[in-house]
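Here's the structure we're looking at; comments come further down.
Each reported figure results from applying straightforward, stated rules to the coordinates on display, with no laboratory input. It should be emphasised that the depicted structure is a prediction, and the values quoted were computed from it without experimental measurement. Here the Cβ positions follow ideal geometry from the backbone for every residue, glycine too, while neighbour counts run over all protein chains shown.
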């Protein structure tokens, strides 16, 4: 854990109770004298260093030592247009995408998307909060939902596409937005819509699941 998020971050002293107390004491095994970094969700760029002053059965008491601004975020920008898949599959890889530094995900209802899946941005936010505390990231990934690929292209006309083609992705390409299909790829009508876009693949003979492709492409472009 790189930092702790707490609504009272910045105050001179904080009494930590409940689940966070249990986590810090029973899981992380913090003791009196340990130094912890706290941040607030309202301003993750500010880091607050606290010393553990006392530990009680129901509370952990910390005192502020210093504060400073420290941003931790990817120097590269990648926006993923992701055709909607099972939200359980999204949740499994979301921490990885957060650690890699993906800036934004646009969830798109493509022809082969199952329309009953609804991205839960509140739940995604909780997953990202835990992930960012673990990896140290201080900017927040953005989300949006778009009704189809046509709407996506109108909003992001310079997007490139991940699909079967001759040209393999090297990682040196200069683009910010890439579109990745759902299970089964793009329909014929969608391929016609995308015929004017640049297309890349990964240099592998394997057929990747949608979530595997998103992680692999993000790794290739951001690391």
Residues in the stretch 1-31, backbone N under 14 Å from the label point at residue 126 (7 Å along the Cα-to-beta-carbon vector): list them, ranges by number please. 19-20
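How would 219, 74 line up from fewest to most surrounding beta-carbon atoms within 10 angstrom? Intermediate values should be presented prior to the final figure.
On the way: 219 13, 74 16.
Neighbour counts put them in this order, fewest first: 219, 74.
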Starting from the 7 Å offset along Cα-to-Cβ, what nm value, one decimal, do you get for the label separation of residue 170 and residue 115? 4.3
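Using 0.36 nm per residue, how much length does the chain from residue 75 to residue 11 gain when fully extended, once their Cα-Cα distance is taken away?
Details: separation 64, 0.36 × 64 = 23.04 nm, distance 3.09 nm.
Extra length from residue 75 to residue 11 when fully extended: 20.0 nm.
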Hey, of [x] 42, 21, 18; [y] 35, 18, 15; [z] 41, 17, 15, which did the structure itself give for semi-axes √(5λ) of the Cα gyration tensor in Å when calculated? [z]
Residue span residue 91 to residue 139: 0.36 nm per residue of separation minus Cα-Cα distance leaves a gain in nm of 15.4 nm
Using alpha-carbon coordinates alone, the radius of gyration and Dmax of the stretch 4-69 in Å work out to 11.0, 33
Please give the helix 87-100 orientation as an angle from the longest Cα principal axis of the chain, in degrees from 0 to 90, rounded to the nearest 10. 70
Kirkwood-type radius of the stretch 97-223, with distances r between different C-alpha atoms, in Å: 15.6
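Arranged from highest to lowest average of other beta-carbon atoms within 10 Å per residue, in what order do the peptides 152-164, 61-73 appear?
Values: 152-164: 16.8, 61-73: 13.9.
Ranked from most to least packed, the peptides come out as 152-164, 61-73.
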Sorting check: for 98-110, 115-127, 14-26, which peptide has the highest mean count of neighbouring beta carbons within 10 Å, and how do the rest follow? 98-110, 14-26, 115-127
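Compute the orientation-averaged projected area for the stretch 1-127 from the convex hull of its Cα atoms and round it to one decimal in nm².
Details: hull surface 37.3 nm².
Mean orientational projected area (the stretch 1-127, Cα hull): 9.3 nm².
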Span from the the stretch 57-99 Cα centroid across to the the stretch 124-197 one, whole angstrom: 19
